[in-house]
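Asks: Got a structure here, written out as structure tokens. Questions coming.
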Amino acid sequence: MISKFTPGLSTLVIGGGGYIGHFLVEQLLASGRRVTVLGRSSQPRYKVPSGVTYIAGDFAQKSLICSVLDTHQEVIHLAYATVPNTSFQNPLADLEQNLPATVQLFDEVSRRNLKLVLVSSGGTVYGEALSLPIDEQHPTKPISPYGVTKLTLESYAYLYAHTHNLQFTCVRPANAYGVGQRPFIGQGFIATAIASSIKGSSVKIFGAAGTIRDYLYVSDVASGIFHALENGKLSEIYNLGSGVGFSNMDVINAIKPLMNEIKCDVHVEHLPERGFDVNANVLNSEKLKTDTGWEPKIGFEAGLINARDWLWKKKNDY
């Protein structure tokens, strides 16, 4: 349980118009905060709740980010210009589009003595797991440009904490899924698998069973970030996951009976393994639970049913 609420604070959520941000903003509002969302799109991908201020713009623009930071006390940084799959197409662009803007953000946040939550990547920064579930002491040896950039951003945050007194907490979340997740966008295996079944197309799996991942319902991901903001310790990293691993085929077997209930079959197409896929990633979140009191609320099957029902309702929109 959260130890305290801090009503009246002004919180800026960079990238808050996205999937996780949508749920996080609702929780911030419920705590009594005044919330601003900054996003690149003229309109947010996910509708922001009533009472939230939306600003369209690139946080890389120094004059813009400085003017917005001047009126806020907390910052949650969710924005990222690429996804894991696209980072391989142009590794240099992955760095150029994300590193300078975020380092500039660290500098301006530290100048104003604001509090920052940096949302990193729970899967890609660790690389191949030496043991499961992975805790925060596990070596970080990413094998993708996305993971390398995410880890570099964390290192710069530590640098600014040491040299400029940056007050930050870092969260490494697992794979979010659930209501509202759009399929066929290069990430989100569960949404894509369910939507593929609804559309009558095959689910592509690389290898015999696919990769093993940690899936956490989106509202629980948002809650973990919120708990880190409220009660997380400065300059600490927190894993945010379920602690349970499911292979792609485990997910398929879990959704088959749920899809049969709505008269949909699940077809699988096996493809060769990909060299850049980490075989298994499952996160140990005991540190977050101990320090902040966070606990997940939505079980895996309940989350799958929620996702199925939403995707069925929206089947004409994708």
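Asks: Holding the Cα-Cα limit at 23 Å, pick out from 150/233; 204/287; 47/256; 115/233 the pairs that are longer than that. Could you put the intermediate results ahead of the total?
Replies: Values: 150/233 20 Å; 204/287 35 Å; 47/256 31 Å; 115/233 11 Å.
Beyond 23 Å: 204/287; 47/256.
Asks: What list of ³J(HN,Hα) couplings, whole Hz, do you get for the range 155-172 from phi and the Karplus terms 6.51, -1.76, 1.60, once you set θ to phi - 60° and write x for glycine and proline?
Replies: So the Karplus estimates, Gly and Pro as x, are 5, 5, 4, 4, 4, 6, 5, 6, 9, 10, 6, 5, 9, 10, 10, 10, 10, 10 Hz.
Asks: Here is a further query. Relative contact order (percent) for the range 100-177, with alpha-carbon contacts under 8 angstrom and 6 or more residues of separation?
Replies: Values: 100 pairs, mean separation 36.9, N = 78.
The normalised contact order for the range 100-177 reaches 47 percent.
Asks: Still on this structure, I have one more. Loop only by DSSP, 14 or fewer other Cβ within 10 Å of the Cβ. Give me the GluC sites (Glu not before Pro) in the range 232-278 that pass, ordered by residue number. Don't jump to the answer; show the numbers that get you there.
Replies: Values: sites: 236, 261, 269, 273; in loops: 236, 261, 273.
In loop regions of the range 232-278 (DSSP not H, G, I, E or B), the sparsely surrounded GluC sites (Glu not before Pro) are 261, 273.
Asks: Amide H to amide H, which residues 5 or more places from residue 37 or on other chains are under 5 Å from it, using H placed in the peptide plane?
Replies: 13, 53, 54, 55
Asks: Averaging sequence separations of C-alpha pairs under 8 Å and six or more residues apart, then dividing by the length of the chain, give the relative contact order as a whole percent. Please list the in-between numbers first.
Replies: Details: 663 pairs, mean separation 60.6, N = 318.
Relative contact order comes out at 19 percent.
Asks: How do 264, 170, 66 line up, fewest other C-beta atoms within 10 Å first? Walk me through the intermediate numbers first.
Replies: Values: 264 19, 170 23, 66 13.
Listing 264, 170, 66 from fewest to most nearby Cβ atoms yields 66, 264, 170.
Asks: Taking other Cβ within 10 Å of each residue's Cβ, how do 172, 213 sort, fewest first?
Replies: On the way: 172 28, 213 25.
Going from sparsest to densest Cβ surroundings: 213, 172.
Asks: To the nearest 10 degrees, how steeply does helix 218-231 sit against the main Cα axis of the chain, on a 0 to 90 scale?
Replies: 20
Asks: May I ask you to compute the full-extension gain from residue 253 to residue 231, defined as 0.36 nm times their residue separation minus their alpha-carbon distance, rounded to one decimal in nm? All intermediate terms of the calculation are to be shown ahead of the outcome.
Replies: Details: separation 22, 0.36 × 22 = 7.92 nm, distance 3.78 nm.
Difference between extended and current length: 4.1 nm.
Asks: Using alpha carbons only, how many degrees (0 to 90, rounded to 10) separate the axis of helix 19-30 from the longest principal axis of the chain?
Replies: 50
Asks: Ignoring everything except DSSP H segments at least 4 long, calculate the 222 nm mean residue ellipticity for the chain; use -39,500 (n - 2.57) per segment, divide by total residues, nearest 500. Provide the component values of the computation, followed by the final result.
Replies: Numbers: 10 runs with 124 residues, N = 318.
That comes out to -12000 deg cm²/dmol.
Asks: Here's a follow-up. 7 Å from Cα along Cα→Cβ at both residue 47 and residue 95: what's the point-to-point distance in nm?
Replies: 4.3
Asks: Further question: Could you state the principal axis extents of the C-alpha atoms in the chain, from the largest down, to the nearest angstrom?
Replies: Rounded to whole Å, the extents work out to 55, 41, 38 Å.
Asks: Right, next: If contacts are Cα pairs under 8 angstrom and at least 6 residues apart, what is the relative contact order of the range 24-81 in percent? Present the calculation step by step, with values, prior to reporting the outcome.
Replies: Numbers: 46 pairs, mean separation 16.0, N = 58.
Over the range 24-81, the number comes to 28 percent.
Asks: Between residue 273 and residue 141, what FRET efficiency comes out of the Förster formula 1/(1 + (r/R0)^6) with R0 = 22 Å and r the beta carbon distance, rounded to 0.05?
Replies: Numbers: r = 19 Å, r/R0 = 0.86.
Calculated value: 0.70.
Asks: Sticking with this structure for a sec: For a quick check of your reading of the filter: which trypsin sites (Lys or Arg not before Pro) in the range 75-165 sit in a DSSP loop and have no more than 15 other Cβ atoms within 10 Å? Don't jump to the answer; show the numbers that get you there.
Replies: Numbers: sites: 111, 112, 115, 150; in loops: 112.
Loop-located and lightly packed - 112.
Asks: Extension gain residue 158-residue 209, at 0.36 nm per residue separation less the Cα-Cα distance, in nm? Numbers along the way, then the final one.
Replies: Working: separation 51, 0.36 × 51 = 18.36 nm, distance 3.77 nm.
Result for the pair: 14.6 nm of gain on full extension.
All of the numbers you see were taken from the coordinates with simple rules; none came from a lab. What you see is a predicted model, and the numbers here were worked out from it, not measured in a lab. Cβ: placed from backbone, ideal geometry, glycine included. Neighbour counts: every protein chain shown.
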